[in-house]
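Only one structure is covered here, and it is reproduced in the block below.
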Amino acid sequence: MLEWVTDGGLETDLLFLRGIELPEFAAFPLVQDSAGTAVLESYYDDYAEIARAAGAGLVLETPTWRANRDWGARLGYDPVALDHVNQQAVDLIRRVAGRSDVARVQVSGVIGPRGDGYVAAGHRADEAADYHQHQLRSFAQAGVDVAHAMTLSESAEAIGIVRAARSLGVPIGISFTVETDGTLPDGTPLAQAVELVDAQAAPDWYGVNCAHPMHVLPALDGGEWQSRLRLFRPNASTLTHAELDVMEVLDKGDRDLLCRTTAQLLQAVPAITTLGGCCGTDASHVAALWSMPSGSLS
């Protein structure tokens, strides 16, 4: 049953709705100046209001999906600067949490894939553990409640991230993305990916993000693995990842379809406790999802 509100499509909201340039699709540099932090705080405040209205908890996720070594280097950030900006992002989230007037707030440190979220990276688990440990260490030092690796496209990177998080004592959630047929970008069925990661390095929970509910529903087979799914952050659009990747205008999708199919997914996976959005969604989409009749949310 739903307990936690989280945010929507941060980067698409900033880029298409607020007119903010995001080189390399990276939002994290905004935490380093007053204008950028003001925009981010306003963005997160909208979701705090949804949580208050719903009487739910609030999961505030840092704007750090691109704040890892490879993507950071493209933007001129060395490891020291990346450590600093990741911790600044946690500080920003704490400020929002402190003024949110929401009784239950979790601070979540977001990790993105080493490669592009829509393309299978193919990393070995040990390499992924070493790579992502740097960002996870920043989150550990900043004292996040949980780390959340989003938009993962294959199992090896997920295994490595969990291993790195465990070595640092950081709770960790893993969210995969899927294509229109419910398989990961590397072709692995979602059920198989969850079972494979659980067998080698089980995270605290799993989620699915950056996919429309219609694309996730084919992956659901009623298996025990579905009880491990705790978070859903859907895309607004039914387009494929390849189509979305070249879009120059925002596809806000069909909101009624999004709500109907999300309700179907929640009924099929009652273990999901956290609901927000991903690409193409803004606070109005998430508010609509949380305004569905209570019977469809349990």
For D13, D251, what ranking results if the residue with the fewest other Cβ atoms within 10 Å of its Cβ goes first?
-> D251, D13
Tell me the GluC sites (Glu not before Pro) within the stretch 1-88 that lie in a loop according to DSSP and have at most 12 other beta-carbon atoms within 10 Å.
-> E21
Computed helical MRE - 222 nm, the chain, DSSP H runs ≥ 4 contributing -39500 (n - 2.57), nearest 500 = -13000 deg cm²/dmol
Quote the relative contact order of the stretch 139-298 in percent (integer), defining contacts as alpha-carbon pairs under 8 Å separated by 6+ residues.
-> 19
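Just to confirm a number: summing +1 for Lys and Arg and -1 for Asp and Glu over residues other than G109 whose beta-carbon lies under 10 angstrom from that of G109, what do you get? Show your work: numbers first, answer last.
On the way: positive: none; negative: E61, D145.
The answer is -2.
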Taking the Cα-to-Cβ direction at H134 and at A242 and moving 7 Å from each Cα, how far apart do the two end points lie in nm?
-> 3.3
In percent, how large is the relative contact order of the chain, given Cα pairs closer than 8 Å and 6 or more residues apart?
-> 20
Could you put Y206, Y131 in order, starting from the residue whose Cβ has the fewest other Cβ atoms within 10 Å?
-> Y131, Y206
Theoretical gain in end-to-end length, R95 to V119 [0.36 nm per residue, Cα-Cα removed] | 5.2 nm
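Starting from 0.36 nm per residue, how many nanometres of slack lie between I20 and A199 once their C-alpha separation is accounted for?
Additional length available on full extension: 60.2 nm.
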Going fewest to most other Cβ atoms within 10 Å around each Cβ, R94, R233 line up as R94, R233
Could you give the radius of gyration (one decimal) and Dmax (whole number) of the Cα atoms in the stretch 89-246, in Å?
-> 15.5, 43
P(r) of the chain in 5 Å steps, Cα pairs, percent per bin?
-> 1, 6, 13, 18, 21, 19, 14, 7, 2, 0
Taking 7 Å along the Cα-to-C-beta vector as the label spot, tell me the H84-Q32 distance in nanometres, rounded to one decimal.
-> 0.8
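Rule-based calculations on the coordinates, nothing more; no lab input. Quick caveat, the model's predicted, so the values are computed rather than measured. When we count neighbours, we look across all protein chains shown, and the Cβ atoms used for this are built from the backbone with ideal geometry, even at glycine.
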